[in-house]
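Take a look at the structure set out below.
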Amino acid sequence: MQELWVIITKEFKHIFRDVRTLLILFGLPTVQVFLFGYALTNEVRDATIAVWDQSHDVTSAKLVNKLLASDYFKLAGLPQNYDEIKDGFRNGDYMLALVIPANFAEDFNKGQAKVQLLLDASDPNMANILASYTGGIVNNFVVQELGYRPPYQIVSELRMTYNPELKGVFLFVPGVITVILMIISTLLTSIALTREKELGSMEILLVSPLKPAIIIIGKVIPYMLLSFMNALLILTLGLLVFKMPMLGSFLLLLGELLLFILAVLSIGIFISTRTSSQQVAMMVSLFALMMPTILLSGFIFPIDSMPLPLQIISNIIPAKFFIIIIKGIMLQGVGLEALWQPTLVIVGFIVVFTLASVRSFKIRLS
Amino acid sequence: MPEPLAIEAQELTKKFGDFTAVDRITFTVKKGEIFGFLGANGAGKTTAMRMLIGLLHPTSGQARVAGYDIYHDTEKIKHNIGYMSQRFSLYNDLTVWENMELFGGIYGMRDSEIKQKADEVIEKLGIGRLKNRQVKHLPLGFKQKLAFSVAIFHEPQIVFLDEPTGGVDPIVRRQFWEMIYEEAERGITAFVTTHYMDEAEYCNRLSIMVDGQIKALGTPGELKQELNSKNMDEVFLKLARQQS
């Protein structure tokens with residue numbers, strides 16, 4: 001036990017005396033949370049809109065006012081013909097243009113008014129979102145003006161469960177926790193272990209009476225503790241700053257967090273048993289793990305809309321299962337009865353990579 | 001009663017695939033002896049040494065270190081040997097004191113023992129004002145001497161030194177060898193690999209490896225006589241020529 005403690009304190013000293021490691025440990029998570037929370041969001045605010053009102057009557061003015069009164073749009077031009085609209089799109093002056101034909105008020109009262117919406121679809125997601133926002137506001141306007149719902153119209157009532165305001169941050173916080181844990185646990189542990197090999201100090205440790213398992217466990221425990229602290233830091237930021245809900249059991253979340261940390265640590269250890277230089281370990285951790293984690297875990301792109309081969313590949317990404325678990329607990333408030341499958345998969349990752357590490361560690365020695 | 005042996009190797013062999021790195025080497029090292037293990041780079045010195053300290057499994061042959069079998073009693077061997085490698089000596093980002101604390105702790109020494117021993121080392125090397133400095137700020141000579149002190153910190157029976165004086169200036173090398181002599185007088189056996197031929201003269205006995213085999217074994221005087229040479233450089237050159 002004393003030996004384990006010796007290795008743990010030594011590793012903490014290495015960590016706290018290395019500025020780069022400290023930056024990755026504590027700077028990165030905070031920056032990421034704020035970046036993803038504030039900058040990378042699908043919510044639309046102050047989208048630039050141009051209005052070509054050919055009608056100039058009270059009704060059209062009311063419609064335009066209603067659009068601009070929402071937080072979503074900001075008036076950015078009053079073109080007078082289609083050529084001007086085109087130029088505006090080309091210059092990037094606005095993202096959408098509303099064309100109100102002449103005689104709008106008359107047609108409106110007859111119940112056959114039409115408006116045209118032109119969108120800059122070079123950013124297709126954005127165009128879709130803007131189209132549906134505008135459509136919603138226009139429909140609302142119709143009901144308000146007429147005082148009743150027009151006949152023969154199917155209106156689907158949408159209710160966004162679990163995230164009624166469609167806040168992007170609810171998706172990003174679980175994603176960021178996952179990615180940060182991957183970086184710290186996998187990248188830093190694989191680097192820390194290969195560093196000892198590169199320096200030759202691993203040899204000195206192996207010649208000593210220390211058991212190899214003690215060396216590895218002692219080196220990994222500090223990263224485990226720091227990963228856990230980091231996850232708590234990100235969770236706190238998510239709950240306090242971004243007002244994420246916490247519907248399920250906090251205790252269960254901590255337990256799952258610990259399991260996921262063990263899984264990524266075992267991957268980090270495995271990488272270090274297979275590589276002998278810090279550079280290689282870093283490349284493998286970053287490119288073979290980070291990229292698939294970010295792209296295929298469902299963090300940014302929904303897995304359901306991926307082509308089938310990628311959907312299959314996504315099953316070997318531990319992060320995918322952890323994101324399912326963390327969303328389930330925080331946003332849906334479900335318990336282990338609904339999450340035992342992904343939990344089991346994560347336990348599977350731990351077992352497989354631990355066994356594989358032990359095996360390749362032994363092979364290296366003989 | 002025969003003299004007790006620190007190391008005995010018999011027909012020790014290591015093959016990597018078709019390549020025989022160490023080819024049936026047989027030698028003994030007496031207790032308290034300074035044994036030089038010489039050879040050019042790639043002659044198999046390091047491989048042979050790695051088998052003795054338990055980092056590599058031999059392909060065949062027998063060996064005992066500190067009286068323990070290298071196949072079955074590796075744990076006991078580990079407690080009784082110290083090791084200083086050419087690549088790594090001390091953790092640069094730890095202080096002088098912390099390095100001693102660490103290696104003492106690894107070998108299961110008690111805090112009080114570590115403190116007492118560390119004070120001794122610091123006094124002996126005269127580095128009292130440097131004890132809370134990180135090792136990276138020390139001059140190389142001090143580092144090597146400290147590394148040797150750390151390798152024998154837990155008072156092992158045998159210390160294995162792998163090219164311990166690489167890159168160090170002649171004055172420090174001389175001081176380093178004085179330290180080895182001092183420890184040998186206290187009964188520690190030193191097993192030293194080197195490719196500095198002048199250092200060979202400092203050894204009580206030595207072996208010279210060429211292409212995985214021990215080509216010569218004896219005291220420096222015996223070897224010079226045997227090969228009719230003035231100095232060790234010549235001994236070495238003659239051996240290498242015999243080979244080709």
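The values are calculated or read from the model by the stated rules, or taken from the named source; none is laboratory data. These numbers come from a predicted model, not from an experiment. Neighbour counts run over all protein chains shown; Cβ positions are idealised from the backbone, glycine included. SASA here: full protein model, heavy atoms, side chains in, ligands and nucleic acids out. Shrake-Rupley method; radii C 1.70, N 1.55, O 1.52, S 1.80 Å.
Side notes on the structure shown:
- Enumerated helices (runs of 4 or more DSSP H) restricted to segment A:1-113, each holding at least 2 residues that are within 14 Å of chain B (Cβ to nearest Cβ) and surrounded by fewer than 14 Cβ atoms within 10 Å (Cβ to Cβ): A:2-16, A:19-22
- Candidate set: segment A:114-150, residues that are in contact (Cβ under 8 Å) with a residue 40 or more places away in the chain and more than 17 Å from A:Ser60 (Cβ to Cβ); chosen: the one surrounded by the most Cβ atoms within 10 Å (Cβ to Cβ): A:Leu130
- Qualifying residue in segment A:326-334 (condition: within 25 Å of A:Ile221 (Cβ to Cβ), modelled with pLDDT of 90 or more and under 21 Å from the mean Cα position of the chain (by Cα)): yes
- Within segment B:206-230, considering residues that are among the acidic types (Asp, Glu) and assigned to a helix (DSSP H, G or I), the one farthest from B:Val150 (Cα to Cα): B:Glu226
For (1) within 14 Å of chain B (Cβ to nearest Cβ); (2) at pLDDT 85 or above; (3) not in a loop (DSSP other than H, G, I, E, B), each residue gets a yes or a no:
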residue: A:Ile129; (1), (2), (3): no, no, yes
residue: A:Val142; (1), (2), (3): no, no, yes
residue: A:Ile154; (1), (2), (3): no, no, no
residue: A:Glu157; (1), (2), (3): no, no, no
residue: A:Met182; (1), (2), (3): no, no, yes
residue: A:Thr189; (1), (2), (3): no, yes, yes
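- A:Thr343 vs. criteria open to solvent by 50 Å² or more (accessible area, probe 1.4 Å), of a type in the set (Ser, Thr, Tyr), under 17 Å from A:Ser266 (Cα atoms) and in contact (Cβ under 8 Å) with a residue 24 or more places away in the chain: no
- Scanning segment B:180-205 for residues that are assigned to a loop (DSSP other than H, G, I, E, B) and without any contact (Cβ under 8 Å) to a residue 12 or more places away in the chain returns a single hit, B:Arg186.
- Residues (in contact (Cβ under 8 Å) with a residue 24 or more places away in the chain and within 14 Å of chain B (Cβ to nearest Cβ)) located in segment A:192-204: A:Ala192, A:Thr194, A:Arg195, A:Lys197, A:Glu198
- Applying the criterion of being of a type in the set (D, E, K, R) and either touching a Ser or Thr at 6+ places or on another chain (Cβ under 6 Å) or within 14 Å of chain A (Cβ to nearest Cβ) (or both) to the residues of segment B:95-135, the residue that is least open to solvent (accessible area, probe 1.4 Å) is B:Glu98.
- Residue pairs whose Cβ atoms lie under 6 Å apart, separated by 6 or more positions or on different chains, with the first residue in segment B:109-124 and over 20 Å from A:Met1 (Cβ atoms) and the second among the basic types (Lys, Arg), are B:Ile122/B:Lys131.
- Whichever residue in segment A:224-237 is buried (at least 19 other Cβ atoms within 10 Å of the Cβ) and either without any contact (Cβ under 8 Å) to a residue 60 or more places away in the chain or not in a helix (DSSP H, G or I) (or both) and, among such residues, is farthest from the other protein chains (Cβ to nearest Cβ): A:Ala231
- Pairs where the first residue, in segment B:218-244, is touching a residue at least 24 places away in the same chain (Cβ under 8 Å) and closer than 17 Å to B:Asn204 by Cα and the second is of a type in the set (Val, Ile, Thr) and surrounded by fewer than 12 Cβ atoms within 10 Å (Cβ to Cβ), C-beta under 6 Å, 6+ apart: none
- Residue within segment B:57-69 that is in a loop (DSSP other than H, G, I, E, B), at the interface with chain A (Cβ under 8 Å from one of its Cβ atoms) and more than 25 Å from B:Gly104 (Cα to Cα) present: yes
- Evaluated against (1) open to solvent by less than 20 Å² (accessible area, probe 1.4 Å); (2) within 27 Å of B:Tyr196 (Cα to Cα); (3) within 13 Å of chain A (Cβ to nearest Cβ); (4) of a type outside the set (Ser, Thr, Tyr), B:Leu138 falls short on exactly one condition, (3).
- Note on segment B:73-89: residues that are more than 7 Å from every other protein chain (Cβ to nearest Cβ) and open to solvent by 10 Å² or more (accessible area, probe 1.4 Å) amount to 6.
- A:Leu23 falls short on exactly one of the conditions (1) in contact (Cβ under 8 Å) with a residue 12 or more places away in the chain; (2) more than 29 Å from A:Asn139 (Cβ to Cβ), and that condition is (1).
- Filtered residue count, segment A:265-310, keeping only those that are assigned to a helix (DSSP H, G or I), open to solvent by 70 Å² or more (accessible area, probe 1.4 Å), more than 18 Å from A:Thr354 (Cβ to Cβ) and not hydrophobic (A, V, I, L, M, F, W, C): 4
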